[in-house]
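None of the figures in this text is laboratory data; all of them are computed from the coordinates on show. In this text, all values refer to a predicted model and were calculated from it rather than measured experimentally. As a convention, Cβ positions derive from the backbone with ideal geometry for all residues, glycine included, and neighbour counts pool all protein chains shown.
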Amino acid sequence: MSENSTSVVTRLLADESLDAEEVTRRLLPLVYEELRLIAGKRIASERPGHTLDATALVHEAYLRLVGERNPRWRDRGHFFAAAAEAMRRILVDQARRRHTLKRGGDRRRLDVEREPLAAEVTIAANTVDLVALDAALVGLASEDTRKATLVKLRYFTGMTLEQAASALGVSAATADRDWAYSKAFIRLHMHGDPES
């Protein structure tokens, strides 16, 4: 997204003269391509034959976002954090459905190709179990919401550390410390060993 588009999105979200429906109507064309790129990265990391494609994930996430009661996003970063959360929930819901006994039983690990979290957390053999990751994120969020949001922004939207820091309104140094802590927390809760 260009700097001009970014400022248009920020101004639109801050315009209190517009009702939520009008903001929603104007917002989608401005963020659609960026959301589609994010969704494409997420879908590429899913198992082959996944039932969602990037377009469907964007549409589902956007429907969830605008379906919220009176959605109001403070700025572009807040909107993309909400989008990351919506995509996370959709993918975790799908993973849970796949894990149920009536849908085939045992958990399956998902291959992830060089994702920020997978690469830096060094999750076993570069695979991520979204249900286990979700449980670790819930635990992290109960301890520190900002750190959990940082992980969601990095993992589910593919933001760099600097982009996520900007979206959260914190310094790069703070984001770096939060990221280091979050990786250790997730390792511990997913694998039982903070150094694995």
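Values for this structure:
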| item | result |
| --- | --- |
| Per-peptide average of other Cβ atoms within 10 Å, ordering 178-185, 73-80 highest first | 73-80, 178-185 |
| For peptides 13-25, 31-43, sequence by mean Cβ density within 10 Å, most packed first | 31-43, 13-25 |
